[in-house]
Amino acid sequence: MSEPPGTGVASTRLSTLAVAAGRPARADQAPVNPPIVLSSTFHSTGTPGTEDFVYGRHGNPTWLPLEETLAALEGAQLPALAFSSGMAAITAALDLVPPGGHLLLPQHAYHASVLAARELQQRCGVQVHTVDVADTAAVIEALHRAGAAHPHPVLWLESPTNPMLEIADLPALTAAAGELGARVIVDNTFATPIAQRPLSLGADVVVHSVTKYLAGHSDVLLGAALTNSPELHARLHERRSVGGAVPSPWDAWLALRGVRTLALRVERSQHNAQQVAEHLHRHPGVLQVRYPGLTDHPQHERAAAQMNGFGSILTVRPHGGAAAAEELTRRVRLWTPATSLGGVESLLERRRRLVDEARTVPEDLIRLSVGIEDAEDLIADLDQALGRAAQ
Ligand SMILES: Cc1ncc(COP(=O)(O)O)c(C=O)c1O
């Protein structure tokens, strides 16, 4: 079996890599887990510029096992760069758009990513164009228009998008972008590398809110950026060192501990999501369910072709409008009404509660992050809440 670069693990299977990558070298009495190095500075007597660890904002040994493991999972040739949050990784990646450059953004993207892009527009004259990422021809046309106005536009993608769960045709869009010299950055938070590996589908950069599935327990904020390009890696590294949005060693260690069970958790939560989606689809109290694993999702075939599973996020719109949706989030007992996603516990949230959510997201839309509890219990709780919300 071939060994992926740098991991020393004799497997390319993701469930094995999640467990076995990023371990200390095997030696008698060596620890099985990497140590946490709590030091903001390091002895420094070598040639300046050649030392790996000088000051804690530039590098900490505790980050490396996590960065190596994330790279192995995403199939990146270079280590991931860990950041203090998903948004820290995202703003560093957005800084790859040059002043006056063009940025194409999904009309439904994570709302703070949209805010960060709008800030770039204000501060640096970046032209932001929102696109429907499910409409491949429209995105390619927008790329051509942007490329004609300014060289090397950047296409920012989420697939599935947050929260509307649109699926972009990643191979077609990365190929079209490549022909135009445009860069493609994919926020892979929703899919996780278990379901989708954008670098292998042609993306230039992948970003993650590690806070979500990768860490997986709703107890740590962390982000990551990955690329195979040494030039982009160096620029992202510099953004991290200069911007200073670095993870604490504790958090990096905790995130790696979460990653160890990623494959198991994703397998279970995707299975649960399919059960919950199919049940809600048949439920008389439900107006609409959206889940890429349902055959009536407009891009179901596309998701089936490019993903390994359909993720663990779905949306539901109960009959009765926003008031019924709010009531449902108050009536659940097992599900937790809270923002965020990707933890072991199931969460739900009416997205338009957030003042910055896109106005095109329906008022009554609830986003469900399906966890790893028993699917029957999750369904029973939704049933009782839907029944009481409709009264
Ligand atoms: C798709 C997506 N990307 C990025 C982020 C931001 O990550 P963080 O909260 O770790 O900064 C989120 C947070 O909800 C998200 O859903």
Query raised in the report: What is the P(r) of the range 262-389, as percent of Cα-Cα pairs per 10 Å bin from 0?
Result: 14, 47, 34, 5
Query raised in the report: Can you give the helix-only mean residue ellipticity at 222 nm for the chain, where every DSSP H stretch with n ≥ 4 adds -39500 (n - 2.57) and the sum goes over all residues, rounded to the nearest 500 deg cm²/dmol?
Result: -12000 deg cm²/dmol
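Can you give the charge dipole size of the chain about its Cα centre, rounded to the nearest 20 debye, using +1 on the beta carbon of Lys and Arg and -1 on the beta carbon of Asp and Glu? The partial results should precede the final answer.
Values: 31 positive and 40 negative charges, 90 e Å.
Charge dipole of the chain: 440 debye, to the nearest 20.
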Requested in this report: Provide the per residue accessible area, probe 1.4 Å, for the range 262-389, rounded to a whole number of square angstrom.
Outcome: 42 Å²
**Report entry** Heavy-atom accessible area per residue - the range 193-258, 1.4 Å, Å²
**Finding:** 36 Å²
Query raised in the report: Can you pull the percent of Cα pairs in the range 14-259 with separation above 24 Å?
Result: 45 percent
Query raised in the report: Going toward the positive end of the dipole of the chain, with +1 on Lys and Arg Cβ and -1 on Asp and Glu Cβ, which of 297, 218, 109 do you reach last?
Result: 218
Requested in this report: Report the net charge of residues surrounding residue 265, where surrounding means a beta-carbon distance below 15 angstrom and charges are Lys +1, Arg +1, Asp -1, Glu -1.
Outcome: -1
Report summary line: Loop-resident trypsin sites (Lys or Arg not before Pro) in the range 294-389 with no more than 16 other Cβ atoms inside 10 Å, DSSP not H/G/I/E/B, are 333, 359
Query - Percentage relative contact order, the range 83-132, counting C-alpha pairs under 8 Å, at least six apart - result: 44 percent
Query - Residue-level accessible surface for residue 268, protein heavy atoms, 1.4 Å, Å² - result: 100 Å²
Query raised in the report: What percentage of the solvent-accessible surface of the range 294-371, computed with a 1.4 Å probe over protein heavy atoms, is contributed by carbon and sulfur atoms?
Result: 51 percent
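The values are calculated or read from the model by the stated rules, or taken from the named source; none is laboratory data. Here the structure is a predicted model, which is why all the values come from computation and not from measurement. Quick reminder, even Gly has a Cβ in these numbers, built from the backbone with ideal geometry, and neighbours come from all protein chains shown. Note: accessible area is taken over every heavy atom of the protein model, side chains too, but ligands, DNA and RNA are not part of it. Shrake-Rupley method; radii C 1.70, N 1.55, O 1.52, S 1.80 Å.
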